[in-house]
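This report refers to the structure that appears directly beneath it.
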Amino acid sequence: MQKRRTFIKKSGLALGGLSVLPHLAFKSNFQKQKLGVCLVGLGNYSENLLAPALQLTEHCELRGIVTGSPEKIPMWQRKHGISDGNVYNYDNMEGIANNADIDVIYIVLPTGLHSEYAIKAADTGKHVWCEKPMAKTAEECQAIINACTKNRVKLAIGYRMQHEPNTRKIIEWSKTKPFGAIEKVRADVGWNISNPPNTWRMDAELGGGLIYDVGVYCINALRYTTGMEPLTVTAHHENTRPKVYKEVEETTLFNLDFPNGIRTSGKTTAAENINILRTECQNGWYELSPFQAYRGVKGKASDGTFLNTYIENQQARQMDDDALAIMENRPLMVPGVEGMKDIVIVEAINESARKGETIKIA
């Protein structure tokens, strides 16, 4: 908890009573057919991916921000036309409850802070979008789900890949099985990172390392490719650079056993460039490579089929899908329970690696 408090202090999350420059106020002129989104946390993903994506969406738009860094506010107001009344800090974000401009609060903070602030968001009565991974523990995930249920708001987890069209085809094939019964699936993601930046992702408490950051992509892919839930996991960690990876693992390898004898393997690593989801079936195979990337997801199958449908912006597709589901009051594509299932598996992977034995997944 000391590291979490230090991060909050250093990042300015504990600041209260932010003073917003009055000359930067903008007149509100939003289309009523769109949902207003408030971003919580103005780091790289919000600034360079979500905010630009919200300029491309049809069913939602950026209307508010929550930040502990007052120096960022003028730029965000100038660039995105955010009025003074829609700027909050981490101590007064409960005031969003009375703001009719904002319909959705999107949590874009370090993983270790997701539970605390997603619950605060739910308590405002606004719908909640939470970036992946959903939280550090299954217990925290359940607390978020409970808060959203109590406040009768919808909860979506930011798994953009499930909204991507080539991935949607893989999900469809888990049901139709065009190449016969699925026998084996492999999902590996990694980069050769020689000098990793000292960010919250390298912190065991706030980030948890690659198994949380990109490992959930591998786990989620094995689940949606098979269309099933795993029964057991066997895993181990490897660390060839302990002086660099002091708190988190450099590489994690794991095997998930699914019903019907389906064997799967996953890998996250900072020692190798790899990005592939490959499925071996009774009568052929198919793969996506890269399967986890902001752009350029593509693949092929053994019968010559190409999986190369291109979309300009995955984050815009994700947020539009979720906004439309809220507006039409239908189930979200990736609800909270989906994010929680992956964290249950992450915890089982870490337990297996720690104990050196196969773990049954609850």
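The values are calculated or read from the model by the stated rules, or taken from the named source; none is laboratory data. Note that this is a predicted model, so its numbers are computed, not measured. Methodologically, a virtual Cβ is constructed for each residue, glycine included, from the backbone with ideal geometry; neighbour enumeration extends over all protein chains shown.
When the range 120-137 is examined, which residues are found to be part of a helix (DSSP H, G or I) and surrounded by 20 or more Cβ atoms within 10 Å (Cβ to Cβ)?
Residues of the range 120-137 part of a helix (DSSP H, G or I): 120-123.
Selection gives A121, A122.
Return yes or no: is I73 modelled with pLDDT of 95 or more and aliphatic (A, V, I, L, M)? Against the criterion (modelled with pLDDT of 95 or more and aliphatic (A, V, I, L, M)), I73 qualifies. Would you mind stating whether G81 is on the phi > 0 side of the Ramachandran plot and modelled with pLDDT of 95 or more? So G81 passes the test. Output the residue which, of all residues in the range 178-205 that are out of contact with any Cys (no Cβ under 8 Å at 6 or more places or on another chain) and under 16 Å from Q292 (Cα atoms), is modelled with the lowest pLDDT. Going through the qualifying residues, I end up with N192. Is it the case that some residue within the range 245-254 is part of a strand (DSSP E or B) and free of Cβ contacts under 8 Å to residues at least 60 places away in the same chain? The answer is yes, given that some residue of the range 245-254 is part of a strand (DSSP E or B) and free of Cβ contacts under 8 Å to residues at least 60 places away in the same chain.
Which members of the range 306-362 meet the condition of being outside any loop (DSSP other than H, G, I, E, B) and of a type in the set (F, W, Y)? Lay out the reasoning, then the answer.
At the first step, the residues of the range 306-362 found to be outside any loop (DSSP other than H, G, I, E, B) are 306-307, 314-327, 335-355, 359-360.
Result: F306, single match.
Among the strands (runs of 3 or more DSSP E) confined to the range 261-304, the ones with at least 2 residues that are farther than 22 Å from N195 by Cβ and either outside the structural domain of Y212 (by TED's automatic domain parsing) or among the hydrophobic types (A, V, I, L, M, F, W, C) (or both) are located at 271-281, 284-288. Evaluated against (1) at pLDDT 95 or above; (2) surrounded by 19 or more Cβ atoms within 10 Å (Cβ to Cβ), K34 falls short on exactly one condition, (2).
Residue pairs whose Cβ atoms lie under 9 Å apart, sitting 6 or more positions apart in sequence or on different chains, and linking a residue in the range 188-201 that is under 26 Å from L256 (Cα atoms) to a partner that is assigned to a helix (DSSP H, G or I) and aromatic (F, W, Y), are V189/Y217; R201/Y212. The residues of the range 307-346 that are more than 17 Å from the chain's Cα centre (by Cα) and either assigned by TED's automatic domain parsing to the domain that holds I211 or farther than 18 Å from L35 by Cβ (or both), listed by number, are L307, N308, T309, Y310, I311, E312.
Here's a check for you: in the range 48-87, which residue that is among the aliphatic types (A, V, I, L, M) and free of Cβ contacts under 8 Å to residues at least 60 places away in the same chain is surrounded by the fewest Cβ atoms within 10 Å (Cβ to Cβ)? The residue in question is M75.
With Y90, Y117, Y106 as the choices, which residue is buried (at least 22 other Cβ atoms within 10 Å of the Cβ), part of a helix (DSSP H, G or I), in contact (Cβ under 8 Å) with a residue 40 or more places away in the chain and of a type in the set (F, W, Y)? Please lay out each step first, then the result.
Numbers: Y90 fails: part of a helix (DSSP H, G or I); Y106 fails: part of a helix (DSSP H, G or I).
Within the list Y90, Y117, Y106, the selection yields Y117.
For the range 230-252, the criterion of being modelled with pLDDT of 95 or more, assigned by TED's automatic domain parsing to the domain that holds V189 and on the phi > 0 side of the Ramachandran plot is met by none of the residues.
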